[in-house]
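The values are calculated or read from the model by the stated rules, or taken from the named source; none is laboratory data. Because the structure is predicted, anything quoted here is derived from the model rather than measured. All Cβ positions, even for glycine, are placed from backbone atoms using ideal geometry, and neighbour counts span all protein chains on display.
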Amino acid sequence: MFITFEGPEGAGKSTVLAMVAERLRARGHAVLSTREPGAGDVGKAIREILLHGGDIHPHAELFLFLADRAQHVERIVRPFLSQAHSENRIVLCDRHADSTVVYQGHARGMDIEELRRLNWLATAGLVPDRTYLLDLPVEVGLGRLKDPDRLDREPIEFHRRVREGFRAEADRERERWRVLDATQSPEHLVEEILADLGPHGASLARE
Ligand code: TMP
């Protein structure tokens, strides 16, 4: 099962993801907690360029996110999911393809349908079974950041387009997405997620 967490800056995705991972492990699942960009050695190197490099052309930025994704999906996510007892395996991923559609598409203005095709290429068609949108007002999220990176420093209008973009994407594919109010406590969000997943992730079991 492949579950992704998306949202604007400062939504608390990583905290919630770590807590959900712990609870699912306690239930006996094999859980891989991971993220984009930044998993594995290649991912870490790409993340460093993306978040702390200097001036990066938007197309170069796009291809770096896609390179990170292709490597992550093929070298880390798929191998994990295809090991023995695959029905018991859960990948929790902090950001994935939807972030490209939203940040490079809705917020930067690149062609969204083109981005969906490029994502398809990068993931070889892997689509999350469930995506949680941790939604919150941009001022609240940005106010939570301690050490802003290259993308955090974009103007507030950029971050507003990010928030609206995520909400539009969630609305477009309602079966896959669940929208959560990320102004609530992490503990509350974790309970909502576990309730949505059902006793053994039953609500998402592949047929
Ligand atoms: P993070 O700090 O939440 O891990 O995300 C890294 C930054 O990269 C965040 O500002 C969102 C941005 N991003 C994109 O612009 N496009 C993408 O495809 C991904 C995965 C992240």
If you go through the range 124-138 one residue at a time, do you hit one that is part of a helix (DSSP H, G or I) and either hydroxyl-bearing (S, T, Y) or closer than 21 Å to R47 by Cβ (or both)?
no
Looking only at the range 33-67, which residues are under 14 Å from the mean Cα position of the chain (by Cα) and closer than 22 Å to R89 by Cα?
S33, T34, R35, E36, P37, G38, A39
Test: residue in the range 113-129 that is under 30 Å from R23 (Cβ atoms), away from the ligand (no atom under 12 Å from the Cβ) and at pLDDT below 95:
no
Please work out if R163 is in contact with a His (Cβ under 7 Å, 6 or more places away or on another chain) and not small (G, A, S).
no
Pick from the range 151-168 the residues that are under 18 Å from the mean Cα position of the chain (by Cα) and modelled with pLDDT under 95: which of them is nearest to D111 (Cα to Cα)?
L151
Of L81, L126, L133, which residue is in contact (Cβ under 8 Å) with a residue 40 or more places away in the chain, buried (at least 21 other Cβ atoms within 10 Å of the Cβ), touching a strand residue (DSSP E or B) at 6+ places or on another chain (Cβ under 7 Å) and closer than 18 Å to F5 by Cα?
L133
Just a yes or no: is a residue in the range 51-61 modelled with pLDDT of 95 or more, buried (at least 16 other Cβ atoms within 10 Å of the Cβ) and in contact with a His (Cβ under 8 Å, 6 or more places away or on another chain)?
no
